[in-house]
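Only one structure is covered here, and it is reproduced in the block below.
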Amino acid sequence: MTVKIVYATRYGSSREISGWIAERLESEGFTVRLENAADAEGAEGYDLVLLGSGIYNHGFLKELEDYMEAHSDSLKGTKTALFGVAMKTEPIMHKGKSHGGIIMLEKYAQQLGDSVIGCEMLHGQMVFSAMNEKDRKGIEQFYKMIGMTETEAAERKKPRTLMSKVECWEFACGLIEKLNRTKVKA
């Protein structure tokens, strides 16, 4: 089976995570092609297309959103899976409303409809000092929005990673199981 992973990355985490997912799929005999969303070609001819991006401002990076829009017809006709990359993968509650986590992927899954066989939020990393000014301001604004103290925010701004090859491989294994189940039904 052939798999295409189209990713968007700003600081490299989504590219590395895509590589780990590809590694696991290839170990099971899948042929995998990795493409940066900004340069990616169409989705035709693949058994599965994975779409993944770091989460910024409550969604995928623009490059991946543009790819999804440009290739929406072929994506809707192909099995797809989505993954987001963030430091916090579960939603948080703020003023009676959930923010973040898997909720970030819901709008993309709805756009693609029945073709989606899996969605997952995967842990990323953050090096605040390496971020561009816009992203640093966005993080600071988010911390204020959720009521984080200055001390808590300062701690969160220290370089940290939660990236996990095991987590990425487990996501890939779940997709393999789903593909195998659909193959048996066919």
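Considering only residues of region 139-186 that are assigned to a helix (DSSP H, G or I), of a type in the set (V, I, T) and in contact with a strand residue (DSSP E or B) (Cβ under 9 Å, 6 or more places away or on another chain), which is farthest from L122 (Cα to Cα)? Lay out the reasoning, then the answer.
First pass over region 139-186, keeping only residues assigned to a helix (DSSP H, G or I): 139-145, 150-156, 165-185.
Narrowing the set further to residues that are of a type in the set (V, I, T) leaves 139, 151, 166, 176, 182, 184.
Next, from what is left, pick out any that are in contact with a strand residue (DSSP E or B) (Cβ under 9 Å, 6 or more places away or on another chain): 139, 182.
On the way: I139: 18, T182: 24 Å.
Across region 139-186, the extreme among qualifying residues is T182.
What is the one condition in (1) outside the structural domain of G52 (by TED's automatic domain parsing); (2) buried (at least 16 other Cβ atoms within 10 Å of the Cβ); (3) touching a helix residue (DSSP H, G or I) at 6+ places or on another chain (Cβ under 9 Å) that I176 does not satisfy?
Against the list (1) outside the structural domain of G52 (by TED's automatic domain parsing); (2) buried (at least 16 other Cβ atoms within 10 Å of the Cβ); (3) touching a helix residue (DSSP H, G or I) at 6+ places or on another chain (Cβ under 9 Å), I176 comes up short only on (1).
Look at region 125-137 and say how many of its residues are part of a helix (DSSP H, G or I) and over 19 Å from the mean Cα position of the chain (by Cα).
Within region 125-137, the subset part of a helix (DSSP H, G or I) is 128-130, 133-137.
Okay, now just the ones that are also over 19 Å from the mean Cα position of the chain (by Cα), so 128-130, 133-134, 136-137.
Selection size over region 125-137: 7.
What number of residues in region 16-29 are without any contact (Cβ under 8 Å) to a residue 60 or more places away in the chain and either touching an Asp or Glu at 6+ places or on another chain (Cβ under 8 Å) or buried (at least 18 other Cβ atoms within 10 Å of the Cβ) (or both)?
2
Let me confirm something: among S164, S115, which residue is small (G, A, S), surrounded by fewer than 16 Cβ atoms within 10 Å (Cβ to Cβ) and out of contact with any Cys (no Cβ under 8 Å at 6 or more places or on another chain)?
Numbers: S115 fails: surrounded by fewer than 16 Cβ atoms within 10 Å (Cβ to Cβ).
That would be S164, the only listed residue that is small (G, A, S), surrounded by fewer than 16 Cβ atoms within 10 Å (Cβ to Cβ) and out of contact with any Cys (no Cβ under 8 Å at 6 or more places or on another chain).
Answer yes or no as to whether L122 is in a helix (DSSP H, G or I) and surrounded by 12 or more Cβ atoms within 10 Å (Cβ to Cβ).
Details: in a helix (DSSP H, G or I): no; surrounded by 12 or more Cβ atoms within 10 Å (Cβ to Cβ): yes.
So L122 does not fit the description; no.
Quick check on my filter: what residues within region 84-119 are in a helix (DSSP H, G or I), among the charged types (D, E, K, R) and over 14 Å from S53 (Cβ atoms)? Walk me through how you get there before you give the answer.
Of region 84-119, the ones in a helix (DSSP H, G or I) are 103-115.
Cutting the leftovers down to among the charged types (D, E, K, R) gives us 106-107, 114.
Once the filter is applied, which keeps residues that are in a helix (DSSP H, G or I), among the charged types (D, E, K, R) and over 14 Å from S53 (Cβ atoms), region 84-119 yields E106, D114.
The values are calculated or read from the model by the stated rules, or taken from the named source; none is laboratory data. Since we're looking at a predicted model, the values are computed, not measured. Glycine also receives a Cβ, built like all others from the backbone with ideal geometry; neighbour counts cover every protein chain displayed.
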